[in-house]
Amino acid sequence: MKLRTKIHLFTTLLMLSLLIFIHIGIFLLYEQLSINTEVEQLQLRGEELLTTLNKVPAVNTDDVLRAYMPTNGKIRVFDENGNKITSVEYTLSLADIQIDVSEGKSYGKTTIDGQPVIMVSYPAIWVDGSIVEIQLIQLLNDLARNKELLKLILIVVTVLVAIPILLSNMALSSIIIKPLERLSSAMKKNATSRSYEKIELSKVGKDELAEIGRTFNFMMEALETNYKKQEQFVSNASHELKTPLTVIESYAKLLLRRGFTNEQVANEALEAIVSESSRMNDLIVQMLELAKNKEHQAPKITHLNVIKLLENTVSQMRQAYNRNFILHCEKDLWIHSDEQKLKQLLFILLDNARKYSEKEVIVTVRAIDDKVSIAIQDFGVGIPKENISHLFDRFYRVVKDRNRKTGGTGLGLSIAKEIADILQIEIEVESEENVGSTFTLFIPETIQQNEVDSE
């Protein structure tokens, strides 16, 4: 069953059921109110009868009873033993009727041929001084006719109301289903054509359906962006791998042709092959590192002394590259973070500063509110302002031959950004051409665990 049919069926049945229950309630309430009104009038008539009986002579009792006999009703008088003394009646259908008054009620009720009959009774002193029971009985045939008329009216109203209910449900289902149909159509089209088409949305829509549409469009934009990045990554990766392979192949052929007779050519070829093999290995390692970071492994949070971590990292960089790394820091700065990932992030940025600067690299650490800032400053060639926003894109190069000269792969800063996101670290970049660049890390003192878990 289609959703549109389900909405038509269920909403129509629900509304009709509610309407029927309301009409049943109206019908029963009308019946009870009408009976209560008739009972009150019959009780008032009985009280007037008792008052009159106390004033008239014994010979006129039947006339008095007839004067106060209810319309379409009957009056009966019984002695203490239950024997009928006298009675007057409007119709023979009430001749032998028996009605019991339930405990706690002031009247009795029964039906004859589908018509309600009510009775009230009073103890009284009869004209001869004996105690009797006077029963006033009334046939409510007018009420029966009114009930049938009301029933007919409610049925007609239910039938007539069913038409606008059905039409309104059709309109409602159209409002609900139309956006879903557009969404389904767009999804099918995207699946068959492998495109990333979005659906048209009203700018003022704020309901759940509009939110679903906006979420779908956002998802399509994200998929399209990721697909383009993937295509670019595969293209760049194949290009980066193809270059060292071409160099290796060329020098290998040169080695085969002349390497056995010319030692200088052999050494040159072997050095090139080793260099390009090393570069290709670095590229593959960094690509695997990017893939591993994408898994968003939960960081292992420990209580870290930032100063000691930096001193250790800077010391290793000095020994590895015989370069001057200067550390300016405040003492006893502590954070909660992942030591290995943070150290890896620092290595990438320090190595990046070393590659593009011949002078010293200055690392400055200080506390800012509830964060610790680490600024890594170099005095190299700098970065043009229009290129700063693309620094963390994979394989991005400010100058096309720059990474070739420095031995970079164009993936280091992408890995750094992935690690920073995992550790909830903000990275700011300031740079001026021919002056240098400064990468500043803003590290929270404590990682919000709920944010980590949601990665």
- Message: Any residue at all in the range 177-185 that's charged (D, E, K, R) and farther than 30 Å from ASN217 by Cα?
- Response: no
- Return only the number of the condition from (1) without any contact (Cβ under 8 Å) to a residue 24 or more places away in the chain; (2) within 25 Å of SER106 (Cα to Cα); (3) of a type in the set (D, E, K, R) that LYS74 does not satisfy. (1)
- Item | Filter result (surrounded by fewer than 17 Cβ atoms within 10 Å (Cβ to Cβ) and not in a helix (DSSP H, G or I)) within the range 330-363 | GLU330, LYS331, ASP332, TRP334, HIS336, GLU358, LYS359, GLU360
- Message: Tell me the residue from LYS84, LYS2, LYS74 that is at pLDDT below 85 and charged (D, E, K, R), please.
- Response: LYS2
- Query: Using beta carbons and a limit of 7 Å, which pairs, at least six apart or on different chains, have the first residue in the range 273-290 and within 13 Å of LEU245 (Cβ to Cβ) and acidic (Asp, Glu) and the second one modelled with pLDDT under 70 and in a helix (DSSP H, G or I)?
  - Reply: none
- Give the range 120-162 a look and list any residue that's more than 59 Å from the chain's Cα centre (by Cα), aliphatic (A, V, I, L, M) and farther than 26 Å from THR37 by Cα, or say none. ILE125, VAL127, ILE131, VAL132
- For the range 392-425, what are the residues that are at pLDDT below 65 and acidic (Asp, Glu)? ASP401
- Query: Hey, LYS151 hits all of (1) touching a residue at least 40 places away in the same chain (Cβ under 8 Å); (2) within 17 Å of LEU209 (Cβ to Cβ); (3) not small (Gly, Ala, Ser) but one; which does it fall short on?
  - Reply: (2)
- Query: Say we look at the range 248-307 and pick out the residues that are among the basic types (Lys, Arg) and out of contact with any strand residue (DSSP E or B) (no Cβ under 6 Å at 6 or more places or on another chain); which of these is modelled with the highest pLDDT?
  - Reply: LYS253
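The values are calculated or read from the model by the stated rules, or taken from the named source; none is laboratory data. A quick note: this is a predicted structure, and the numbers were derived from the prediction, not measured. Ideal geometry is used to build each Cβ from the backbone, glycine not excepted, and the neighbour counts take in all protein chains shown.
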